[in-house]
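Inspection log for the structure reproduced underneath, given as structure tokens.
The values are calculated or read from the model by the stated rules, or taken from the named source; none is laboratory data. Computed from a predicted structure; not experimentally measured. Note that we place each Cβ from the backbone using ideal geometry, even for glycine, and neighbour counts take in every protein chain shown. Remember, those area values only see protein heavy atoms, side chains included, never the ligands or the DNA or RNA. Shrake-Rupley method; radii C 1.70, N 1.55, O 1.52, S 1.80 Å.
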Amino acid sequence: MKDLSTDLRERKARGLYRSHRVVDGPQGVNVRMDGRDLLSFCSNDYLGLANHPEVVAAFHAGLEAYGAGSGAAHLISGHSRAHQALEEELADFVQRPRALLFSTGYMANLGVLAVLAGRGARVFEDRSNHASLLDGARLSGARLVRYRHNDAADLAQRLQAAPAGEYLVATDGVFSMDGDLAPVADLASVAARHAAWLMVDDAHGLGVLGPGGRGILAQAGLDRTQVPVLMGTLGKACGTFGAFVAGSDELIETLIQAARTYIYTTAPPPALAQATRTALRLVREGEWRRERLRMLVQRFRQGAAQLGLHLPESDTPIQPLIIGDPDMALRLSAALVECGILISAIRPPTVPPGSARLRITFSAAHSEEQVDRLLDALEQTVTVDVVKQSVPDQLV
Ligand SMILES: *Cc1c(COP(=O)(O)O)cnc(C)c1O
């Protein structure tokens, strides 16, 4: 029998213990957490839609129209008109023939990987991929091959060396803990050369990147022939909850038949789908939000450079400050709370050992003055010598 108390004690001793903090009231740049009012730089609500009045009103209207629960799985009687309309609007948004809703991004990734890459297949994944993509490959029964972060040449070599068979390449679009972008065009040509499926998880790119917020693939000008599988989540820039997969009619029909994380679970509340439809409209119309976001990120990067703080290359709202030691990252996060700033310390195994970090994220709802307050707080708490100049090479 596993000794839980020793395990928990060891986690604490290594600075890897995780615990909840309780938020009162809505998500936003100002949050009340554990009884303190804090200025938050750690949510994925990049466009400030999680508590947008129009999204909240649509949720209310959805509740009036549909009640609280969906009552059943999509394929039984849980697939409402609201779900159907949202799927059509999502497909139109990402300019693909079809889209299929999943309850969460985690479930979407598990479902897709199991269907497209079963036993005997090989899944090639970036070493920095989100846990759900890695877990999906492991659960699928396929052989998982990890390639160097953002290294299309390394991927090509590994594909070249693999025995004949079915291949799937999967990558984050925007890396969730680093904020950098996958070289999607290079990956697409490598995948095409080896007749491999290519799947891009654009959880952090949709709503933020590309024309109309259509994500990294739109920004790179890649269509569904180059990237046949697009996964997006709705709990980040869209501000609500859930996820979808978009692609060809055949792909979506196949997922409906076979994706167990789609079939064997209750459909999300229809009211949620109504709220997301409104959020999606705000995303599409929200060029000014994306522009604000870019401006705030630039202001932060310039200010951080003036403080002598080294930030890895990233133009996205994800701006990690790599610290290295998990305990130090925790102490800095606690010191920032004393300054009224909320930034969570991200530690292994979410990030590689030796690369614990403060993951700073921005929202279009932040003001310039709030970014300056963050810089002031960093100046008071983070001395330059605790910030790693780069992630050790063996980790990438
Ligand atoms: C958040 C995230 C997911 C999981 O999505 P949920 O809807 O939160 O389950 C998947 N992939 C990436 C890259 C993510 O950042």
Checklist entry - Of all residues in the range 268-290, how many are touching a Leu at 6+ places or on another chain (Cβ under 8 Å), open to solvent by less than 30 Å² (accessible area, probe 1.4 Å) and not β-branched (Val, Ile, Thr)? => result 9
Checklist entry - Got a number for residues in the range 351-382 being hydroxyl-bearing (Ser, Thr, Tyr), assigned to a loop (DSSP other than H, G, I, E, B) and in contact with a Ser or Thr (Cβ under 9 Å, 6 or more places away or on another chain)? => result 1
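Residue under question is VAL94, and the condition is that it be of a type in the set (Val, Ile, Thr), open to solvent by less than 10 Å² (accessible area, probe 1.4 Å) and touching a Leu at 6+ places or on another chain (Cβ under 8 Å); does it hold?
Working: of a type in the set (Val, Ile, Thr): yes; open to solvent by less than 10 Å² (accessible area, probe 1.4 Å): no; touching a Leu at 6+ places or on another chain (Cβ under 8 Å): yes.
Considered against the rule, which asks whether it is of a type in the set (Val, Ile, Thr), open to solvent by less than 10 Å² (accessible area, probe 1.4 Å) and touching a Leu at 6+ places or on another chain (Cβ under 8 Å), VAL94 comes out as no.
Of everything in the range 30-49, what is open to solvent by 20 Å² or more (accessible area, probe 1.4 Å) and of a type in the set (A, V, I, L, M, F, W, C)? Give them in sequence order. Show your work before the answer.
First pass over the range 30-49, keeping only residues open to solvent by 20 Å² or more (accessible area, probe 1.4 Å): 30, 32-37, 42-44, 48.
Residues satisfying the conditions are MET33, CYS42.
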Checklist entry - Hey, among the residues in the range 102-130 that are open to solvent by less than 10 Å² (accessible area, probe 1.4 Å) and assigned to a strand (DSSP E or B), which one's nearest to THR261 (Cα to Cα)? => result PHE102
Checklist entry - Counting only residues that are farther than 23 Å from ALA365 by Cα and in contact with a His (Cβ under 7 Å, 6 or more places away or on another chain), how many does the range 295-312 have? => result 0
Next on the checklist: When you scan the range 262-282, do you find a residue that is within 15 Å of the ligand (Cβ to nearest atom), in contact (Cβ under 8 Å) with a residue 24 or more places away in the chain and aromatic (Phe, Trp, Tyr), even just one?
Outcome noted: yes
Item to check | Test: ARG98 is more than 13 Å from the ligand (Cβ to nearest atom) and outside the structural domain of PRO163 (by TED's automatic domain parsing) | outcome: no
Checklist entry - For the range 325-348, what are the residues that are under 24 Å from LEU134 (Cβ atoms), touching a residue at least 24 places away in the same chain (Cβ under 8 Å) and in contact with a helix residue (DSSP H, G or I) (Cβ under 8 Å, 6 or more places away or on another chain)? => result SER344, ILE346, ARG347, PRO348
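Determine whether the range 370-380 contains at least one residue that is out of contact with any Pro (no Cβ under 7 Å at 6 or more places or on another chain) and β-branched (Val, Ile, Thr).
Restricting attention to the range 370-380, the residues satisfying the condition of being out of contact with any Pro (no Cβ under 7 Å at 6 or more places or on another chain) are 370-380.
Among the residues that remain, those that are also β-branched (Val, Ile, Thr) are: 371.
Yes, there is a match, as at least one residue in the range 370-380 is out of contact with any Pro (no Cβ under 7 Å at 6 or more places or on another chain) and β-branched (Val, Ile, Thr).
Being out of contact with any Phe, Trp or Tyr (no Cβ under 7 Å at 6 or more places or on another chain), within 10 Å of the ligand (Cβ to nearest atom) and open to solvent by 10 Å² or more (accessible area, probe 1.4 Å): is that true of HIS149 here?
So HIS149 fails the test.
Test GLN298 against the stated conditions and say whether it is more than 30 Å from GLU89 (Cβ to Cβ) and either surrounded by 15 or more Cβ atoms within 10 Å (Cβ to Cβ) or not hydrophobic (A, V, I, L, M, F, W, C) (or both). Before you say what the answer is, go through the steps one by one.
Values: more than 30 Å from GLU89 (Cβ to Cβ): yes; either surrounded by 15 or more Cβ atoms within 10 Å (Cβ to Cβ) or not hydrophobic (A, V, I, L, M, F, W, C) (or both): yes.
Considered against the rule, which asks whether it is more than 30 Å from GLU89 (Cβ to Cβ) and either surrounded by 15 or more Cβ atoms within 10 Å (Cβ to Cβ) or not hydrophobic (A, V, I, L, M, F, W, C) (or both), GLN298 comes out as yes.
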Item to check | Whichever residue in the range 240-260 is under 11 Å from SER103 (Cβ atoms) and open to solvent by less than 30 Å² (accessible area, probe 1.4 Å) and, among such residues, is nearest to the ligand (Cβ to nearest atom) | outcome: ALA243
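Given the structure, is LEU168 assigned to a strand (DSSP E or B), without any contact (Cβ under 8 Å) to a residue 40 or more places away in the chain, away from the ligand (no atom under 14 Å from the Cβ) and in contact with a strand residue (DSSP E or B) (Cβ under 6 Å, 6 or more places away or on another chain)? Spell out how you get there, then give the answer.
Working: assigned to a strand (DSSP E or B): yes; without any contact (Cβ under 8 Å) to a residue 40 or more places away in the chain: no; away from the ligand (no atom under 14 Å from the Cβ): yes; in contact with a strand residue (DSSP E or B) (Cβ under 6 Å, 6 or more places away or on another chain): yes.
Judged against the criteria, LEU168 is not a match.
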Checklist entry - For the range 358-396, which residues satisfy the criterion of being touching a strand residue (DSSP E or B) at 6+ places or on another chain (Cβ under 6 Å), modelled with pLDDT of 95 or more and under 30 Å from ASP135 (Cβ atoms)? => result LEU358, ARG359, ILE360, THR361
Checklist entry - Which members of the range 301-318 meet the condition of being among the acidic types (Asp, Glu) and surrounded by 13 or more Cβ atoms within 10 Å (Cβ to Cβ)? => result ASP315
Checklist entry - When residues of the range 1-26 are filtered for being in a helix (DSSP H, G or I) and open to solvent by 70 Å² or more (accessible area, probe 1.4 Å), how many remain? => result 7
Checklist entry - Hey, among the residues in the range 177-201 that are closer than 29 Å to PHE41 by Cα and open to solvent by 20 Å² or more (accessible area, probe 1.4 Å), which one's farthest from the ligand (Cβ to nearest atom)? => result PRO183
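Condition check ((1) surrounded by fewer than 23 Cβ atoms within 10 Å (Cβ to Cβ); (2) within 20 Å of ASP172 (Cα to Cα); (3) not basic (Lys, Arg)) across all residues:
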| position | (1), (2), (3) |
| --- | --- |
| ALA203 | no, yes, yes |
| GLN219 | yes, yes, yes |
| CYS238 | no, yes, yes |
| TYR262 | no, no, yes |
Checklist entry - Right, VAL55: within 16 Å of the ligand (Cβ to nearest atom), surrounded by 21 or more Cβ atoms within 10 Å (Cβ to Cβ) and of a type in the set (Val, Ile, Thr) or not? => result no
